[in-house]
């Protein structure tokens with residue numbers, strides 16, 4: 001792979017994406033914004049629940065409330081709570097706000113980073129080349145890695161490989177203990193004195209991975225000072241350890257400590273200034289300093305001399321008065337943050353790490369991965385599942401879109417199918433690992449996912465905990481066939497683009513949520529997944545009106561890397577009436593002939609988010625006609641007849 005062409009392709013693809021983002025701003029609809037009291041700054045601050053973290057990078061947001069257009073600026077994004085500062089006071093509560101903004105900040109900074117790397121010395125280029133051309137090149141180590149004794153053979157093998165490989169690809173399907181194992185990989189790097197950068201796509205994934213590393217150190221009885229580790233950026237989880245290790249809070253504490261250290265010297269200089277003014281006043285009055293004044297000034301000057309002199313003391317005080325963030329970041333042994341932070345923060349420029357561990361890398365576009373690889377001095381661990389969500393791009397430029405939607409696994413493997421991915425893994429056991437046992441999903445659902453997405457290689461280490469029904473073991477999944485209710489797909493009037501509405505499916509969803517509530521199931525343990533963003537808002541509004549405000553509704557991307565006890569997946573699609581006749585057609589998110597390997601990856605995520613039960617709503621008449629021999633059709637038929 002020619003490195004010069006690789007950089008040109010990446011920079012050109014980012015340029016096309018930036019142009020598109022500027023022409024097609026990002027949008028989001030938020031509900032129930034609460035006015036915040038005593039918020040600093042001009043304007044009025046409102047707090048909304050928000051599941052779109054990219055909004056925090058917006059420099060300015062065009063906001064529409066009750067038909068009125070105004071400007072808003074993001075103040076903070078923490079724990080799915082977005083604070084916006086409006087330029088108008090809209091009372092105590094904003095029922096609904098429509099947001100629109102240019103989401104190009106991270107793209108521009110990533111492009112800038114690549115342009116700098118393009119002209120850098122060969123060391124950085126070799127690091128990036130190792131990402132795309134991994135080989136059996138390894139470092140010498142004979143020590144057996146430390147762990148908790150609970151790792152299975154695939155996990156333990158990956159830890160061993162991580163200690164030796166310059167580049168290691170870990171393929172970890174859902175629930176296979178990937179996060180815990182990453183914690184032990186990081187812990188083993190740390191106890192060998194190596195500096196580690198851990199990065200992932202989302203704040204939540206960073207939090208979980210960071211906490212896993214801290215827990216691993218405890219489990220192997222190798223505690224280290226909290227000052228050696230930092231969580232750089234905003235946390236998504238509420239955890240005391242994350243607060244303790246937060247980079248900004250660590251610096252605040254250090255600033256306070258420096259202030260306390262400098263207080264005696266500041267007082268000494270103030271005392272000197274006061275003594276000098278007193279002596280000057282005596283001279284102005286034509287008098288000599290008193291013996292006490294002379295003695296006091298002499299003692300002060302002696303203390304300053306003992307401290308290295310006035311100039312050195314003032315320099316030390318200047319250093320104590322502030323914190324050098326770049327120096328403090330460099331002192332850390334473990335830095336955990338998002339890929340976006342690494343690509344956008346100037347503090348990471350030219351920082352080397354002995355090991356870089358990238359989680360959820362199959363969701364990261366190639367330019368992100370290139371920037372991360374440039375920081376890896378000795379080890380690069382690439383972790384993800386190429387059978388789950390790929391990177392996404394908005395550009396209409398076909399070449400740029402194809403490039404940005406390729407993940408690092410399929411790129412390095414030169415694979416277009418799951419079979420080709422497994423072939424690549426089988427041929428390269430030196431630098432690839434596949435986690436073959438899952439412990440999260442109920443075994444009945446895991447068996448279907450293994451068969452359809454993982455060539456039957458994914459074993460289940462967990463048995464179903466559901467009760468028997470009619471003497472037979474109940475399954476952890478259910479298919480609700482909407483065909484008997486004659487659903488018809490409609491399009492939202494007056495809306496541009498594809499805006500499907502399936503009222504029958506909405507009614508079924510509301511009924512299912514109601515029934516789950518009657519079973520005593522908490523609403524915050526229910527997630528509803530749909531393939532289209534506009535359907536999210538329709539269902540969310542319907543459930544709000546029905547009194548269900550704690551059920552999370554989102555697209556497949558919303559639930560990547562997360563789980564709920566109960567997942568309802570609505571396929572949405574049915575026949576559409578056109579000129580009085582039913583028309584059946586396929587859509588890109590559900591048809592691999594239109595969207596390639598992305599379709600099984602999307603479906604795999606949707607089907608693997610539940611820890612207890614999955615319910616799929618589908619018009620099987622439509623499914624059989626359009627998707628009969630495709631992934632979606634095969635999945636749903638397996639749900640009907642799992643044996």
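The values are calculated or read from the model by the stated rules, or taken from the named source; none is laboratory data. A quick note: this is a predicted structure, and the numbers were derived from the prediction, not measured. Reconstructed Cβ throughout: ideal geometry from the backbone, glycine too, with neighbour counts over all protein chains shown.
Within the stretch 86-132, the residues that satisfy the criterion of being more than 30 Å from residue 9 (Cβ to Cβ) and surrounded by fewer than 20 Cβ atoms within 10 Å (Cβ to Cβ) are 87, 88, 89, 90, 91, 92, 93, 95, 96, 98, 100. Residue by residue through the stretch 134-149, note down the ones that are surrounded by 12 or more Cβ atoms within 10 Å (Cβ to Cβ) and either under 30 Å from residue 346 (Cα atoms) or at pLDDT 90 or above (or both). Of everything in the stretch 134-149, those that are surrounded by 12 or more Cβ atoms within 10 Å (Cβ to Cβ) and either under 30 Å from residue 346 (Cα atoms) or at pLDDT 90 or above (or both) turn out to be 134, 145, 146, 147, 148. Residue 258: over 16 Å from the mean Cα position of the chain (by Cα) and modelled with pLDDT of 95 or more, yes or no? No. For the stretch 476-494, the criterion of being assigned by TED's automatic domain parsing to the domain that holds residue 582, crowded, with 16+ Cβ neighbours inside 10 Å and under 30 Å from the mean Cα position of the chain (by Cα) is met by at least one residue.
The set of residues from the stretch 279-300 being in a helix (DSSP H, G or I) and exposed (fewer than 15 other Cβ atoms within 10 Å of the Cβ) comprises 280, 281, 282, 283, 284, 291, 292, 294, 295, 298, 299. All of 364, 336, 340, 374 fail the test of being more than 18 Å from the chain's Cα centre (by Cα), buried (at least 22 other Cβ atoms within 10 Å of the Cβ), in contact (Cβ under 8 Å) with a residue 40 or more places away in the chain and under 24 Å from residue 213 (Cα atoms), apart from 374. Take the conditions (1) over 22 Å from the mean Cα position of the chain (by Cα); (2) on the phi > 0 side of the Ramachandran plot; (3) touching a residue at least 12 places away in the same chain (Cβ under 8 Å); residue 561 misses just one of them, which is (1).
The conditions of being surrounded by 18 or more Cβ atoms within 10 Å (Cβ to Cβ), part of a helix (DSSP H, G or I) and in contact with a helix residue (DSSP H, G or I) (Cβ under 8 Å, 6 or more places away or on another chain) are met by residue 214. Does any residue of the stretch 378-386 turn out to be within 20 Å of the chain's Cα centre (by Cα) and over 23 Å from residue 187 (Cα atoms)? Within the stretch 378-386 (the criterion being within 20 Å of the chain's Cα centre (by Cα) and over 23 Å from residue 187 (Cα atoms)), the answer is yes, since at least one residue qualifies. Of everything in the stretch 495-520 that is touching a residue at least 40 places away in the same chain (Cβ under 8 Å) and under 16 Å from residue 613 (Cα atoms), the residue that is surrounded by the fewest Cβ atoms within 10 Å (Cβ to Cβ) is 512.
State whether the residues of the stretch 47-54 include one that is modelled with pLDDT of 85 or more, out of contact with any strand residue (DSSP E or B) (no Cβ under 8 Å at 6 or more places or on another chain) and more than 30 Å from residue 398 (Cβ to Cβ). No - not one qualifying residue is present in the stretch 47-54.
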